[in-house]
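Report on the structure given below.
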């Protein structure tokens, strides 16, 4: 297949070319092979670097079709091993981080640099050139090395199971050279390089069981489970003074912030605590107090740490359900959920007269359990209130005070039906319930998102 495309996000077009192909092989339903390739080109790279080959190979072995399987087929009537390895490329790397579209071009403003004046009265002025952006040396496609291995099987001709492990190593990620200090004179034109590396791995499992137990009764169940984890293998970073400030070796989707120690009781506790004037607002009783991690006596950005390895994207997602048919009646349910997920509830500031959105409403959970003179609870769900956002800047900083467990199990669907000769009547519901340690709003949504609707339907299906 040959592909050529052009699309426009602005004035200049974006163009790609590619040639891809596939070869498949099947011998006697036992030995399977597939070879894929893509030879892709992008206009973002310089001549001689624009095209790159991305091959992939898949192998499969249906062991249950071998003669030696013999009597095992009475228990495992299908058993297949499969694995694949290949390369995938992307030319969109770095765009969201601010990289130029054409990586091979220098961008120079001939009069935008530092100027000087001379003359007895300083009447003669000139400006030098300003290097806005340097070309990326030896730029390449971002690349992902993808590997997976899996087992597919069917037991007793009724239970289908799949187990799969995958591992992705992403390299050549285009990054701005954050380790280059400003003293080198780059100013805003720090070079970009294909140096970033990220690992992503996980497992996927699925199960389906269908069985006719009696002449009138049939049951079926289904389930799925996915676990994923990732981390930076290498990210170009400044020479931070403290190891907890780095991203390398840590998950991409994690929660970072200050470590909170409850709320200040009184002014005496504030006076004896680390200096928090860096936030810009007057610290008062009822404000969140943060730990001085580096011990310098001040609370600054250097005191932010990884307060949870989990973020708003769950590591584990799962679902399960079952269906039952008895004579003319049928019923089915399905549940889905997420585990190892965290929700941050900071930046919800009521009133906020100086906010660009104007005054904000007061949520009931804040009204019911916030710190006040009449309720000086240092473990209240919400700290001291302020009329303007500028009065509570320190309280809105990301911290462990605001981290909540976002795990949930949702009763997604339910349906009951009855089959007549030419018609089936049914009633079903969607989004019927959710169970979660997070009670403030729906754990699957943002606080200001339109809520999921609980719906019920009654209907009829005409059968010809």
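Here, each number is a calculation from the coordinates, and none is a lab measurement. These numbers come from a predicted model, not from an experiment. So basically every Cβ, Gly included, is an ideal-geometry build from the backbone, and we count neighbours across all protein chains shown.
Taking label positions 7 Å along the Cα-Cβ direction at both residue 418 and residue 111, the computed distance is 8.6 nm, reported to one decimal. Based on the alpha carbons, how large is the Rg to Rh ratio for segment 1-77 when Rh follows Kirkwood? Taking Rh as the inverse mean 1/r over Cα pairs, Rg/Rh reads 1.32. What separates the Cα centres of segment 361-417 and segment 209-275 is a distance of 19 Å. Here r is the Cβ-Cβ distance between residue 240 and residue 39 and R0 is 35 Å; the resulting FRET efficiency, rounded to 0.05, is 0.25.
Evaluate the relative contact order of the chain (contact order divided by residue number), counting alpha-carbon pairs under 8 angstrom at least 6 apart; express in whole percent. Numbers along the way, then the final one.
Working: 1076 pairs, mean separation 40.1, N = 464.
Answer for the chain is 9 percent.
Packing-wise, with mean Cβ within 10 Å as the measure, how do 243-254, 453-464 rank, highest first?
Values: 243-254: 14.9, 453-464: 9.1.
The packing order, highest mean first, is 243-254, 453-464.
If I take every Cα pair under 8 Å that is 6 or more residues apart in segment 17-148, average their sequence separation and divide by the length, what percent do I get for the relative contact order?
Values: 243 pairs, mean separation 28.6, N = 132.
Here the relative contact order equals 22 percent.
Pair-distance distribution of segment 103-157: all C-alpha pairs, bin width 5 Å, starting at 0; shares per bin in whole percent are 5, 12, 10, 9, 8, 8, 6, 7, 5, 5, 4, 4, 4, 3, 3, 3, 1, 1, 1, 0.
Convex hull of alpha carbon positions in segment 145-303: directionally averaged projected area 17.4 nm².
Tell me, what is the percent relative contact order of segment 341-464, built from C-alpha pairs under 8 Å that lie six or more residues apart?
Working: 193 pairs, mean separation 28.2, N = 124.
Averaging sequence separation for qualifying contacts and normalising by length gives 23 percent for segment 341-464.
The label point for residue 137 and the one for residue 212, both projected 7 Å from the Cα toward the Cβ, are 7.3 nm apart. What's the FRET efficiency of residue 27 with residue 92 using the Cβ-Cβ distance as r and R₀ = 41 Å, to the nearest 0.05? So the FRET efficiency works out to roughly 0.55.
Approximating the spin labels as points 7 Å out from Cα along Cα→Cβ, the residue 17-to-residue 369 distance works out to 6.4 nm.
What's the ranking of 392-398, 14-20 by average number of surrounding C-beta atoms within 10 Å, highest first? Mind dumping the intermediate values first?
On the way: 392-398: 20.1, 14-20: 15.0.
Top to bottom by mean Cβ count within 10 Å: 392-398, 14-20.
Cα extents for the chain along the principal axes, largest to smallest and rounded to whole angstrom: 103, 71, 44.
In µm²/s, what is D for segment 290-392 at 37 °C and 0.692 mPa s, where D = kT/(6 pi eta Rh) by Stokes-Einstein and Rh is the Kirkwood radius from Cα pairs?
Working: Rh = 18.6 Å.
Translational diffusion coefficient: 177 µm²/s.
For segment 27-126, the Cα gyration tensor yields ellipsoid semi-axes of 66, 14, 6 Å (square root of five times each eigenvalue, largest first, whole Å).
Computed across segment 145-191, the Kirkwood hydrodynamic radius from all distinct Cα-Cα pairs reaches 15.4 Å. Just so you know, the Cα atoms of segment 377-464 work out to an Rg and Dmax of 22.0, 70 Å.
Using only Cα atoms, figure out Rg for segment 205-245 and give it as a multiple of 2.2 N^0.38 Å. Please list the in-between numbers first.
On the way: Rg = 24.6 Å, N = 41, 2.2 N^0.38 = 9.0 Å.
It is 2.72.
Taking a point 7 Å from the Cα of residue 151 along the Cα-to-Cβ direction, the residues of segment 58-95 with backbone N closer than 17 Å to it are 60-66, 69, 72-84.
For the peptides 234-242, 383-391, residues were scored by their other Cβ atoms within 10 Å and the scores averaged per peptide; the highest-first order is 383-391, 234-242. Separation of segment 322-338 from segment 97-174 is 48 Å, based on Cα centroids.
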